[in-house]
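Peer 1: Quick one: the structure is below, and I'll ask about it shortly.
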Amino acid sequence: MEVTRLSHCVYYCDYHLVLVTKYRKRIFNEGIFAYLETKLDEIHKHYPLISCKTVNHDFDHIHLLVSIPPTMSVGNAVRIIKSNTAKSLKQKFPFVKEAYWGTDSVWSEGY
């Protein structure tokens, strides 16, 4: 067990999140998943307290083991992850933009 130490607290808050693509479209292959992993690393650079410890995928969803500080709500962390990855996936891969042409999102609601 790896605890995180801040100036006034010590915590261990790991969450298993499953993020499903909208309409369960099968958009993930090895290339898109590799790009998604780099985007998750960039999120960690901008938000150092959100760290994805393990990432796994199937064709229509991803599994994340995420450490989120107790000062941040889980919903807020999921919003950050979903919005940043959806925007960059649609910019990088044109077929994803075509598959979700009527909406800004790639992810279904909830987590």
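The values are calculated or read from the model by the stated rules, or taken from the named source; none is laboratory data. Note that the coordinates shown come from a computational prediction; the quantities given were computed from them, not determined experimentally. A quick note on method: Cβ atoms are made from the backbone with ideal geometry, for glycine too, and the neighbour counts reach across all protein chains shown.
Peer 1: If you go through region 5-33, how many residues are out of contact with any strand residue (DSSP E or B) (no Cβ under 8 Å at 6 or more places or on another chain) and acidic (D, E)?
Peer 2: Residues that pass the stated criteria total 1.
Peer 1: Working only within region 23-32, note down all residues that are within 17 Å of Q91 (Cβ to Cβ) and either touching a helix residue (DSSP H, G or I) at 6+ places or on another chain (Cβ under 9 Å) or surrounded by 16 or more Cβ atoms within 10 Å (Cβ to Cβ) (or both).
Peer 2: Residues satisfying the conditions are I27, F28, I32.
Peer 1: Which pairs turn up if I take residues in region 28-50 that are free of Cβ contacts under 8 Å to residues at least 12 places away in the same chain and look for partners that are surrounded by 13 or more Cβ atoms within 10 Å (Cβ to Cβ) with beta carbon separation below 7 Å, at least 6 apart in sequence or on another chain?
Peer 2: So the pair list comes out as H44/I50; H44/S51; H44/C52.
Peer 1: Being among the basic types (K, R) and on the phi > 0 side of the Ramachandran plot narrows it down to one of R24, R5, R79, so name that one.
Peer 2: R24 is the lone residue from the list that is among the basic types (K, R) and on the phi > 0 side of the Ramachandran plot.
Peer 1: All but one of (1) surrounded by 15 or more Cβ atoms within 10 Å (Cβ to Cβ); (2) modelled with pLDDT of 95 or more hold for T54; state the number of the condition that does not hold.
Peer 2: (1)
Peer 1: Checking H63 against (1) surrounded by 15 or more Cβ atoms within 10 Å (Cβ to Cβ); (2) within 11 Å of the chain's Cα centre (by Cα), which test does it fail?
Peer 2: Every listed condition holds for H63 apart from (1).
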